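Below is one structure; the comments refer to it alone.
The values are calculated or read from the model by the stated rules, or taken from the named source; none is laboratory data. Just so we're clear, the structure is a prediction, and the values are computed from it rather than from any experiment. Quick reminder, even Gly has a Cβ in these numbers, built from the backbone with ideal geometry, and neighbours come from all protein chains shown. The area values use the complete protein model at the heavy-atom level, side chains included, leaving out ligands, DNA and RNA. Shrake-Rupley method; radii C 1.70, N 1.55, O 1.52, S 1.80 Å.
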Amino acid sequence: MPLTIELSERRAAVLSTPPPPRWIRWAAHAVPLVALPSALWRLAMTFGVPVGYSDEVLRVDYGLPGIGYLVLPMITVLQELAALATLGLISRWGLVGPRRLPFIGNKPVPLWAAVGPAAFGAVLMTVITVSQYLLWDRVDQGTLTGVHRSVLGWCYAPMLLWGPLLGIVTVSYYLRRRSISPPVG
């Protein structure tokens, strides 16, 4: 019985976390939107919309036709799910696990379980997108030119915002939760 009372008290304390400021909510909602243009470009390529690649490049580099029909949509879905996970940092389900989930349902989300992966993701997305931006002039040289290259660039450029936006939302989550989280150890 004492464990149940302690869990209820922790749950109530976590639920008393102050709500995020409006601009943090906007930042969190922006993350799935900055990931969307690249996802749509990838799906367009998968479904045969001419994106500027030759049939040989599509076959060799992207497995189209072939395994690319499975891999590219899976990458797209995983990308958007990862982007949508940012909303957990501003939502109730980021404070207390949804009831329907086994083991973690209706239990407080440990601060480190949300902040650790989110901070890692923010750093990782920043490193990946900035490194790809720095290599942009060497990528797809000769296989994609003109308008098609510009469209690809404009579809992927918003991804540069994913890491910083996630970082800002993560810091806000940490600062809001820090005052109510019991010390570890």
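Cβ separations smaller than 9 Å between residues 6+ apart or across chains give the following pairs from the range 86-104 residues that are more than 15 Å from THR170 (Cα to Cα) to residues that are part of a loop (DSSP other than H, G, I, E, B) and polar (S, T, N, Q): VAL96/ASN106; GLY97/ASN106; PRO98/ASN106; ARG99/ASN106. Only residues that are in contact with a His (Cβ under 8 Å, 6 or more places away or on another chain) and either open to solvent by 100 Å² or more (accessible area, probe 1.4 Å) or over 22 Å from PRO21 (Cβ atoms) (or both) were counted across the range 57-109, and they come to 0. The single condition among (1) among the aromatic types (Phe, Trp, Tyr); (2) open to solvent by 60 Å² or more (accessible area, probe 1.4 Å); (3) closer than 19 Å to TRP112 by Cα that TYR156 does not satisfy is (3). For the range 123-143, indicate whether the set of residues that are among the aliphatic types (A, V, I, L, M) and open to solvent by less than 30 Å² (accessible area, probe 1.4 Å) is non-empty. Checked against the condition, which is being among the aliphatic types (A, V, I, L, M) and open to solvent by less than 30 Å² (accessible area, probe 1.4 Å), the range 123-143 yields no hits at all. Restricted to the range 44-53, and to residues there that are at negative phi and open to solvent by less than 60 Å² (accessible area, probe 1.4 Å), the residue that is modelled with the lowest pLDDT is TYR53.
From the list ALA27, ALA13, ALA35, ALA39, the one residue that fits, being modelled with pLDDT under 95 and part of a helix (DSSP H, G or I), is ALA13. Would you call TRP41 within 23 Å of the chain's Cα centre (by Cα) and open to solvent by 90 Å² or more (accessible area, probe 1.4 Å)? No. With respect to ALA44, is the statement that it is in a helix (DSSP H, G or I), touching a residue at least 24 places away in the same chain (Cβ under 8 Å) and not polar (S, T, N, Q) true? When the stated conditions are applied, ALA44 does not pass them. Selection of the range 72-113 for residues being part of a loop (DSSP other than H, G, I, E, B) and modelled with pLDDT of 90 or more yields ILE90, SER91, LEU95, VAL109, PRO110. PRO20 - would you say it is open to solvent by less than 80 Å² (accessible area, probe 1.4 Å) and modelled with pLDDT of 95 or more? It is false that PRO20 is open to solvent by less than 80 Å² (accessible area, probe 1.4 Å) and modelled with pLDDT of 95 or more.
Consider GLU56 carefully, then state whether it is under 27 Å from ARG177 (Cβ atoms), without any contact (Cβ under 8 Å) to a residue 60 or more places away in the chain and not in a loop (DSSP other than H, G, I, E, B). So GLU56 fails the test. Here the condition is being touching a residue at least 60 places away in the same chain (Cβ under 8 Å), under 13 Å from the mean Cα position of the chain (by Cα) and either part of a helix (DSSP H, G or I) or on the phi > 0 side of the Ramachandran plot (or both); of MET125, MET159, it holds for MET159 alone.
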